[in-house]
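S.K.: A single structure is presented below for examination.
Every read-out reported here was derived from the displayed coordinates using simple, explicitly stated rules and does not represent laboratory data. Note that the structure is a prediction, hence the values are computed from the model and not measured. Ideal geometry is used to build each Cβ from the backbone, glycine not excepted, and the neighbour counts take in all protein chains shown.
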Amino acid sequence: MTKLKVKKGDKVVVLTGKDKGKTGEIKKVMPADNKVIVQGVNVQTKHRKPTSANAGGLDKIEAPIHVSNVALVDPKTSKATRVGYKVVGDRKVRVARRSGEVID
């Protein structure tokens, strides 16, 4: 299991696949699988059977996408950027490689 450079709440842009170019916020991070769930990206239709609790029908859910297919959005330029790390004072912070802006 590797450490991911993105976390819940980050704005990311999709680099490849059918949703290329779309941006969204990370809803869930799955570091064991190297996957993330991004709001409004990789939306799939799930067929639900009716139960006593709720009616059946079609549900739209976001499926996981591999972390290598997303890139963090630079807070300064609003373009895709890689993530670096820098020690500021006594703590380690994430830095956008494109602009040098601190992300955290």
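S.K.: Filter the GluC sites (Glu not before Pro) in the range 1-102 down to the DSSP loop ones having no more than 15 other Cβ atoms within 10 Å, then list what survives.
M.R.: Passing both the DSSP loop test and the Cβ count: GLU101.
S.K.: While we're here: Per Stokes-Einstein, at 10 °C and 1.306 mPa s, what whole-number D in µm² s⁻¹ belongs to the chain, with the Kirkwood radius over Cα pairs as the hydrodynamic radius?
M.R.: It diffuses with D of about 105 µm²/s by this estimate.
S.K.: For ALA32 paired with ALA63, estimate the spin-label separation in nm (one decimal), with each label point 7 Å from Cα along the Cα-to-Cβ line.
M.R.: Using points 7 Å along Cα→Cβ, the separation is 2.1 nm.
S.K.: While we're here: Hey, for a label at VAL88 modelled as a point 7 Å past Cα toward Cβ, could you say which residues of the range 8-43 have their backbone N under 12 Å away?
M.R.: none
S.K.: With +1 on the Cβ of every Lys and Arg and -1 on the Cβ of every Asp and Glu, and nothing else charged, how large is the dipole of the chain about its Cα centre, in debye rounded to the nearest 20?
M.R.: Magnitude of the dipole: close to 160 debye.
S.K.: Among VAL43, VAL88, GLY17, whose Cα projects farthest towards the positive end of the dipole of the chain, with charges put on the beta-carbon of Lys, Arg (+1) and Asp, Glu (-1)?
M.R.: Working it through, the farthest residue towards the positive pole turns out to be VAL88.
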